[in-house]
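Below is one structure; the comments refer to it alone.
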There are 2 protein chains.
Amino acid sequence: MPALGKVYLIGAGPGAQDLITLRGARLLAQADVVLHDALVTDEMLALCPQAEKILVGKRYGQLSTAQQFINKQLVDYAGKVPLVVRLKGGDPMLFGRADEELRALEEAGIEVEVVPGITTALAAAAATKQPLTKRGVARSVAFFTSSTAPEHSDHHAIPDTDTLVQYMGGREATATAARMLAQGRRPDTPVVVIENCSRSDQRIRRLTLGSLAHGLGPAHGPVLVMLGDAMKMRSHQAPDIAAAVDAIQQRA
Amino acid sequence: MPALGKVYLIGAGPGAQDLITLRGARLLAQADVVLHDALVTDEMLALCPQAEKILVGKRYGQLSTAQQFINKQLVDYAGKVPLVVRLKGGDPMLFGRADEELRALEEAGIEVEVVPGITTALAAAAATKQPLTKRGVARSVAFFTSSTAPEHSDHHAIPDTDTLVQYMGGREATATAARMLAQGRRPDTPVVVIENCSRSDQRIRRLTLGSLAHGLGPAHGPVLVMLGDAMKMRSHQAPDIAAAVDAIQQRA
């Protein structure tokens, strides 16, 4: 029986090829097999031309079944090749279902290591030049996600931090905004919405909590919503280039 | 008058040389001047042998004066050389005083770009293999810092998220833990404390909220405290290597 391979859970970051870590890129270039989800971009997969690349996961529906199959694939490949990479958009330890994969690998006796990635909130803060914390204004930030699952429908799930970042906010952001207003957040609280962060089709929209509660309009990719007084633009801050381009395209 | 240079605010990540992004490493290798703080490691600075390296900032005391001087240095260097890097530990947009630096540069008409970095919480989650979110257990996480400044002594500042990460927790973690207990968090809530995350002298300690409230003991570098039911170890999870080494060293 051959020695078992090692599995690396690697964060790919938000999408741009050069926003992965040096460690992540080096391991990708050495990988025998790369199991990646749909959020991982083609330019990122270009970092592992030698590897067998396998698209796993589903973005919507039947998540638990899909997860069990991913776990099984990770264990199976580790029995066949020395270096298996599980490549995830963003960071593996934040909304990445890492617990299930780590558990399955550990129970099978397979060595596993985690390589962090740039989570989308940090890439979005950089792209918009909007710090998540600000002296005297915001010294706490929460990352959260909303779920339509019945067990998550409680109304206490919106954190009370100064800055709030809602992941996968496309479908839920409007309802969440209404709940925030009901909980006492000001309607003029600044909001920044980013689609396809760091990619060529990145789109930035600036609005207020009050307007967000009336609807976000169509989105064309993963949506991140950032909210709080730290999102207020500075007096000499240049307008977001992507937002400007978007406005021009809408006019044309 | 020569054209003004461009300034990049770059996140160095937690310390290990290969946990900076490809983009950050490429810009470091092209920089004329690198202004860095004391948290940036020597191995990271080895990525820019060609650059003039300037240590700025103070870790304790007189922060605002030091910050104004850093702002002035950034503006001054951008008037002299084409590519100025401001290198910060972790991510620049999270507890990084980026707002002040962006504001100063924008007011001086200097072009600035932000490159995200791996914030310590994500590196700590990876190093301990302890996801910050977990299906059915934790779907929100807050990053916060405590301050001894009088205006921050309110007792509502501890976020209510499932997982909590306290940055710069060395001096404050014990008092914060006592307040969390008073606010109803369970004494057996699992806690992970990381010092010098990702560096050769990384140290991991696992305790409970109840024991943390009685004191953390001496720390020898930047301390991050992670707390919540997501920090519970898995049944087949290997003990943390650094923690094991630490235990051996204490025994010897």
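Taken over the stretch A:123-142, the criterion of being closer than 24 Å to B:Asp162 by Cβ and more than 7 Å from every other protein chain (Cβ to nearest Cβ) is satisfied by A:Ala124, A:Ala138.
Inspection of the stretch B:89-111 identifies at least one residue that is surrounded by 23 or more Cβ atoms within 10 Å (Cβ to Cβ), more than 26 Å from B:Val192 (Cα to Cα) and more than 7 Å from every other protein chain (Cβ to nearest Cβ). A residue that is at pLDDT 95 or above and of a type in the set (Asp, Glu) can be found somewhere in the stretch A:112-132. Considering only the stretch A:179-212, state which residues are surrounded by fewer than 22 Cβ atoms within 10 Å (Cβ to Cβ) and small (Gly, Ala, Ser). Across the stretch A:179-212, the qualifying residues are A:Ala182, A:Gly184, A:Ser200, A:Gly210, A:Ser211. Since A:Met168 meets every condition but one in (1) over 30 Å from B:Met233 (Cα atoms); (2) surrounded by fewer than 21 Cβ atoms within 10 Å (Cβ to Cβ); (3) more than 7 Å from every other protein chain (Cβ to nearest Cβ), which condition does it not meet? Answer for A:Met168: the failing condition is (1). Of the residues screened, B:Ala178 is not one that is under 19 Å from the mean Cα position of the chain (by Cα), at pLDDT below 95, within 21 Å of B:Arg206 (Cβ to Cβ) and more than 10 Å from every other protein chain (Cβ to nearest Cβ).
Table: residues versus (1) touching a helix residue (DSSP H, G or I) at 6+ places or on another chain (Cβ under 6 Å); (2) surrounded by 16 or more Cβ atoms within 10 Å (Cβ to Cβ).
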{"site": "B:Gly11", "(1), (2)": "no, yes"}
{"site": "B:Gln17", "(1), (2)": "yes, yes"}
{"site": "B:Arg26", "(1), (2)": "no, no"}
{"site": "B:Gln30", "(1), (2)": "no, no"}
{"site": "B:Val33", "(1), (2)": "yes, yes"}
{"site": "B:Asp37", "(1), (2)": "no, yes"}
{"site": "B:Leu47", "(1), (2)": "yes, yes"}
{"site": "B:Ala51", "(1), (2)": "no, yes"}
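Flag not set for A:Ser147, criterion: surrounded by fewer than 19 Cβ atoms within 10 Å (Cβ to Cβ), away from every other protein chain (no Cβ under 13 Å), part of a loop (DSSP other than H, G, I, E, B) and at pLDDT below 95.
Meeting the requirement of 3 or more residues that are in contact (Cβ under 8 Å) with a residue 60 or more places away in the chain and under 28 Å from B:Arg26 (Cβ atoms), the strands (runs of 3 or more DSSP E) wholly within the stretch A:1-106 are A:6-11, A:83-88.
Counting only residues that are more than 28 Å from A:Glu195 (Cβ to Cβ) and part of a helix (DSSP H, G or I), the stretch A:112-136 holds 0 of them. For beta carbons closer than 6 Å, sequence separation of 6+ or different chains, a first residue in the stretch A:181-196 that is within 30 Å of A:Glu43 (Cβ to Cβ) and a second that is β-branched (Val, Ile, Thr) and in a helix (DSSP H, G or I), the qualifying pairs are A:Val192/A:Thr128.
Looking across the stretch B:107-131, the residues that are of a type in the set (A, V, I, L, M) and without any contact (Cβ under 8 Å) to a residue 12 or more places away in the chain come down to B:Leu122, B:Ala126.
The values are calculated or read from the model by the stated rules, or taken from the named source; none is laboratory data. All figures in this text were calculated on a predicted structure; none of them were measured in a lab. Heads up, the Cβs are rebuilt from the backbone with ideal geometry, glycines too, and the neighbour counts pull from every protein chain shown.
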